[in-house]
Amino acid sequence: MTHPLYGSTAIAGVGLRQYKRGASPLPERSVLVDAILAACAEAGFDPADIDGFVSYGDDKNEPVRLMPELGIRELNWSAAVWGGGGGGIAGAFGIAASAILSGQAKAVVVFRALVEGSSGRLSAAVMAHHLNDHMLAAGVVSPAQVCAIRANRLFEHHGVPRDIVEDLVRASYHHGSRNPEAVAYGQTFDIEALRSSRLIAEPFRLFDCSRENDGAGALLLVSAEHARSLAKPPVYLLGCAQGTEAGWGDLLDNDREDLYATAGFRSVARNLYAQTGLSPADIDVVQLYENFDAQGVMSLIDHGFCSYESAAEVIRFDNLIADGGKLPVNTAGGNLAQGFIHGIGLAVEAVRQLRGESSNPVAGARTCLLAGGPGSPTVSSAIFGNIVP
Amino acid sequence: MSHYRGEDAPYWQGLAEGRLLLPRCASCGRWTWPAAHRCGQCGATDMRWEELPMRASVFAWTRTWHRFGLTEGLELPFTSIVAEIDGCGIRLYGRLTDPDRIDPKIGEPLTGAIGATRVGDETIPTILWSRL
């Protein structure tokens, strides 16, 4: 039996505004309103008819406050995925679809906005969920350190070669350099820049880490039928799963040993593939949340694209790029080279890629997997398609 | 002080007294961490705090070079570890005495002593681990 989420809702419009951190010309809510209006404009949809919102990861813009500026008549759904990291980004689409499929809302905007002057540093907001005296006393106070500890174990205990993260970083910059909206646009990236960047928390150097931008992203989700009547070709939500399994999640690092050096997605990936009837071989392109490059590698492993043993064969520059790779990843540059607004740019790129609007088009791409923030206590993933296979 | 109020209050009390105390279900014998009132394994609500020697092995580690906020009380670089306590399988965050910056090895045996970390206006007790 087809799962209720399979192809029953679709993204009709996307909007993205991105600026250098600390350089947004507008306060956070205004940037967000701009992004929402852009999403509605390309869909040919009246923003007054938006009746629901979903966000994730500490967004400060309570939907009801967006109503006056957008001229919204009635708010019927406002929700967020629990958890402070980017783990909830894909799950937000599942929540939005649930509202539409259950008849509780008709047009739901999934959004994330981040302007440092308004909301402070993202890393501090994320850590506020986790910080306790155990961590403070050990000097572990940042997402970088939390992820570095697990990255070391990935390399040392599981024997994954350290240098494969460089291929992921290079592929990200390769894509970003050709994306006019990316922070890396027009730049030539020399891997020596990573190798010689300053140490943050071993094994991470500065360029192993995503670096925050100001900005906002918004995606308008409606029923599949409604989407077909709007201006842009629909990008269907084919499936979505969120959560985790026993032995993972805010356990003061007492995760089950076989889950410790993962990104936390094993049950989510299993459920997502079971729900959609798709497998890793059916995924044409991946938008991979990489807060840190090693966590991106773990996420690819969790989603079944490779294993600890085969990671070095699969995670290769040539294989990860849009022009010819079998596993094109982060075709707008990803969090590392497109820009980092808590991952919302990845969702926007998933849509653009499936419409053929990406700066790095993947020939014939039908499906795109969006993987949420790896390593978060709650994680989520979704699959989108420009057809319903 | 917040850490004397939660489920793990006996842990902090123990460190203040110079002892490592960790919780174990009196009904099924399972060690539980993070501390909890109820044993998720057998459902009993009879946690006993037992004293353990400060012996452990390295489970995972990182050496921090960037001055993150709230680490001002620590000299850079400093090494944080996840230490697996001998005899119970519980892992604790801690710091490694690492003057020579020798990379820890997973599984390497450690011995601990009570120390403290200054965080803002507060001094938080912790276990400082050393290689044997």
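Values in this text are rule-based calculations from the coordinates and carry no lab data. All values derive from a computational prediction rather than experimental measurement. Every residue, glycine as well, gets a Cβ built from its backbone with ideal geometry; the counts of neighbours run over all protein chains shown.
Tabulated results
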read-out: Residue with peak Gaussian network fluctuation, chain A [Cα springs, cutoff 10 Å], from A:ASN179, A:ASN76, A:ASN254; value: A:ASN254
read-out: Rg/Rh for chain B, where both radii come from Cα atoms and Rh is the Kirkwood radius; value: 0.99
read-out: Percent of alpha-carbon pairs separated by more than 15 Å within segment A:83-176; value: 76
read-out: Spatially proximal aspartates and glutamates relative to B:LYS105 (Cα-Cα < 17 Å; intrachain offsets below 8 disregarded); value: A:GLU156, A:GLU202, A:GLU257, B:GLU84, B:ASP86
read-out: Residue with peak Gaussian network fluctuation, chain A [Cα springs, cutoff 10 Å], from A:LEU122, A:LEU237, A:LEU206; value: A:LEU206
read-out: Convex hull (Cα only) mean projected area of the protein assembly as shown, reported in nm² to one decimal; value: 24.0
read-out: Between 0 and 90°, nearest 10: helix A:143-156 axis offset from chain A longest Cα axis; value: 50
read-out: Sequence of A:LEU154, A:LEU230 once ranked by neighbouring C-beta atoms within 10 Å, starting from the fewest; value: A:LEU230, A:LEU154
read-out: Anchor A:LYS232: aspartates and glutamates whose Cα lies under 16 Å away (excluding residues fewer than 8 positions away in-chain); value: A:GLU42, A:ASP46, A:GLU349, A:GLU357
read-out: Debye equation applied to the C-alpha atoms of segment B:64-106, log10 I(q)/I(0) at 0.18, 0.22, 0.32 Å⁻¹; value: -0.62, -0.82, -1.18
read-out: Over segment A:221-300: Kirkwood hydrodynamic radius from C-alpha pairwise inverse distances, Å; value: 15.0
read-out: Gyration tensor (Cα) of segment A:1-137, equivalent ellipsoid semi-axes in angstrom; value: 27, 21, 12
read-out: Separation between Cα centres of segment A:215-233 and segment A:79-110, rounded to whole Å; value: 14
read-out: Counting DSSP beta bridges with both ends in the protein assembly as shown, the antiparallel % (nearest 5); value: 80
read-out: Computed FRET value (nearest 0.05) for B:THR97 with B:GLU122, which takes r as the C-beta separation and R₀ as 22 Å; value: 0.50
read-out: Isolated Cys in the protein assembly as shown, by beta carbon distance under 4.7 Å; value: A:CYS40, A:CYS147, A:CYS209, A:CYS240, A:CYS306, A:CYS368, B:CYS88
read-out: Chain lengthening between A:ALA128 and A:GLU257 when straightened (0.36 nm per residue, less Cα-Cα); value: 43.9 nm
read-out: Spatial extent of segment A:291-345: Rg and Dmax, with the Cα atoms as the point set, Å; value: 11.5, 32
read-out: Nitroxide proxy distance, nm - points 7 Å out along Cα→Cβ at A:MET1 and B:GLU51; value: 6.0
read-out: Cβ charges +1 (Lys, Arg) and -1 (Asp, Glu), total dipole of segment B:1-100, debye; value: 260
read-out: Calculated over segment B:1-52: convex hull of Cα atoms, volume per residue (Å³); value: 63
read-out: Estimated FRET transfer efficiency (A:ALA41, A:SER229; beta-carbon r; R0 22 Å; 0.05); value: 0.85
read-out: In Å, descending, principal axis extents of the Cα set of segment A:178-335; value: 52, 44, 32
read-out: Cα centroid of segment B:86-132 to Cα centroid of segment A:130-169, whole Å; value: 17
read-out: Two-site FRET efficiency, A:ARG270 against A:ARG162, from Cβ-Cβ distance with R₀ of 25 Å, rounded to 0.05; value: 0.35
read-out: For segment A:368-389 versus segment A:262-317, the gap between their alpha-carbon centres in whole angstrom; value: 10
read-out: Selected from B:PRO53, B:PRO99, B:PRO23 as most flexible by GNM, with chain B as the system and alpha-carbon contacts under 10 Å; value: B:PRO99
